[in-house]
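The values are calculated or read from the model by the stated rules, or taken from the named source; none is laboratory data. As the structure is a prediction and not an experimental result, all values here were calculated from the model. All Cβ positions, glycine included, derive from the backbone under ideal geometry; neighbour counts span all protein chains shown.
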């Protein structure tokens, strides 16, 4: 049932009488500074007149000034403080550009200005346009609901926004049908549930009924008509029941009570009809009474009186006092066969519970400056919910299709970011601007050349975070870069974006893909200093018929260079041609094996004889340590061996780390050369890349040419294969100032036959 709002007091000229309005407002709230409140009203009135003067629009109910007063009326009924009321009066003027936040700050302080900015922030996520490609309206509303928690630090911001949407919905009847439907859908999906979760039944029912009126016009009119037909008979019936109950309560000593008929809301009736599959005549709680009493004990006394007077309807009793609803609602609900054997719904609660039900979080608000300035526990609980909106439980499930949306959690691996138009995009954590671009529109992703986050230029590998506004900078033509498909570089994190990039390259001409793929392959082979490859065998190894097919797949993004390198190593590793394998992955010197004949790997030293200690008899799998003896090699002890503990004290320098041999893996020493424009921290950055990949560094030599500022680093590393080496090159190449990374071949040209070294993991 739609609330009838109270008209604003007007002067003879049709303008609002501010003095009378202030007097009426003070019937609901005690203003701290009436003069300042008057100043806020006068400022809102003045800027509205100046902006809307040509057509005297400031006289209309929809003017920014009159809408601000109506918002303040709503918030006054909710007992909000003066700063909130001032922000409400001035908000529409700021939103419509009639004044600015800086002026508000100067005249009314930072608190009022911060409240207005908070509401503006919430307004930025309201849907103003149809969603972009792949953004359904359902998903957009879902994201908006989830985003509310990240936008609200002060519950008053949410309350001002709810009041503003209430005013908008009241006035939308005179606009176009499309606008009525858009505003009604937004309120129904977002702000009515928000009012419900904050426990503000005072507004929740009005928002639902008004939204229902526009979204389901025929059903609304049908129910309203049926209610009006039986209104007189229902009113007489309720009057008799109320008088009977008052007499019974007074007779039991509950003289301070309030009993009255409770209006059933149209949306609530329709929802029950749909949920239970019944028609209007079977909705029993159209006849309803509410009993208010002082204490909780009086609630149960009143319940006993009701059940002793009339027969209880089975399965129609709920004790929300013992088990409150998730939004803090408490009451006893029962249904009985009342006079004339008609079903009657009765709600019983205390006066305090009723205030909570009507005002919700507002019932707990304490004005700043009063007492200790703290907020009640109930208020803090409501605020905690605002920051954990995804714990909305089955209570909101009563609101039709909102159940699934409001009960769903914000997954810990999801983020929510803005488009420049205010849409909210749901993305995986660690997503980049390129992922965002492809999420908005495929064409934007293809032409993405840069990005701004909160107005600041960021690299395309930047990791986005919740609440940020992202703007994609695009070229007029062109396509994605092949580097985006390289996982080592971190441009793309989502499979959606990667699939669209691959699809783009597939659409290009085969000749172009072949040419670019061959260039990519040749570049990698040259960088790794690999020659005389059997290309036909390599193509078959990666499941392509000819080398040209392999090149085309590389160019289209269906095949990665890392996969080719891995298969190349497998191909040569399966042959008996040690010279050929050494030419791929070996240095022109022989490194001694570090694994003993006993299957023990001695870390950091050469090939030493090992033997098991008789004192502790270690077995494979146990933690072990070695002790270098005099003339008998290395004796292997368990780490907890008592003798070893004493040896650690007596001969600590002869203790060595060892591992079981099966943990060893083949490592190939390789010389690489890094060229870069010299800068501070260059060597640190390069070694950090090697350290992060757990690559063992055997030697480092760096030399800077003072004439041209070019630094040349020669680094000897141990790698387990071509794929690892290619990945290292890609990551080093991305460091600032680095111009070239390649493999070096030293004396002998790599033609000598030699074996790779064996090292333990982590070297």
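Annotations for the structure displayed:
- Selected residue (only one of 654, 638 is buried (at least 16 other Cβ atoms within 10 Å of the Cβ) and in the same structural domain as residue 613 (by TED's automatic domain parsing)): 638
- Among the residues of this structure, residue 87 counts as one that is at pLDDT 60 or above, buried (at least 21 other Cβ atoms within 10 Å of the Cβ), at negative phi and not in a loop (DSSP other than H, G, I, E, B).
- Against the test of being within 27 Å of residue 692 (Cβ to Cβ), in contact with a strand residue (DSSP E or B) (Cβ under 9 Å, 6 or more places away or on another chain), buried (at least 19 other Cβ atoms within 10 Å of the Cβ) and at pLDDT below 90, the options 468, 493, 430 yield a single qualifying residue, 493.
- Checking each residue of the stretch 255-271 against the condition of being farther than 30 Å from residue 159 by Cβ, free of Cβ contacts under 8 Å to residues at least 24 places away in the same chain and assigned by TED's automatic domain parsing to the domain that holds residue 331 gives at least one match.
- Filter result (exposed (fewer than 13 other Cβ atoms within 10 Å of the Cβ) and either assigned by TED's automatic domain parsing to the domain that holds residue 739 or modelled with pLDDT of 80 or more (or both)) within the stretch 512-535: 522, 523
- Close pairs (6 angstrom Cβ cut-off, 6 or more residues apart or separate chains): in the same structural domain as residue 522 (by TED's automatic domain parsing) and modelled with pLDDT under 85 in the stretch 538-554, surrounded by 20 or more Cβ atoms within 10 Å (Cβ to Cβ) and not in a helix (DSSP H, G or I) anywhere: 553/559
- Test for residue 202: is it modelled with pLDDT under 75, over 20 Å from residue 306 (Cβ atoms), touching a helix residue (DSSP H, G or I) at 6+ places or on another chain (Cβ under 8 Å) and part of a helix (DSSP H, G or I): yes
Per-residue answers, yes or no, for (1) under 16 Å from residue 269 (Cβ atoms); (2) within 28 Å of the chain's Cα centre (by Cα); (3) crowded, with 20+ Cβ neighbours inside 10 Å; (4) assigned by TED's automatic domain parsing to the domain that holds residue 255:
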{"site": "179", "(1), (2), (3), (4)": "no, no, no, no"}
{"site": "185", "(1), (2), (3), (4)": "no, yes, no, no"}
{"site": "197", "(1), (2), (3), (4)": "no, yes, yes, no"}
{"site": "202", "(1), (2), (3), (4)": "no, no, no, no"}
{"site": "206", "(1), (2), (3), (4)": "yes, no, yes, no"}
{"site": "210", "(1), (2), (3), (4)": "yes, no, yes, no"}
{"site": "243", "(1), (2), (3), (4)": "no, no, no, yes"}
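- When restricted to residues that are under 30 Å from residue 567 (Cα atoms) and either outside the structural domain of residue 683 (by TED's automatic domain parsing) or surrounded by 14 or more Cβ atoms within 10 Å (Cβ to Cβ) (or both), the stretch 698-725 contains 15.
- Residues that are crowded, with 20+ Cβ neighbours inside 10 Å and at pLDDT below 85 occur in the stretch 602-610; there is at least one.
- Sole residue being within 43 Å of the chain's Cα centre (by Cα) and modelled with pLDDT of 80 or more, chosen from 223, 254: 223
- Boolean, residue 634 is touching a residue at least 24 places away in the same chain (Cβ under 8 Å), more than 30 Å from residue 528 (Cβ to Cβ) and in contact with a helix residue (DSSP H, G or I) (Cβ under 7 Å, 6 or more places away or on another chain): no
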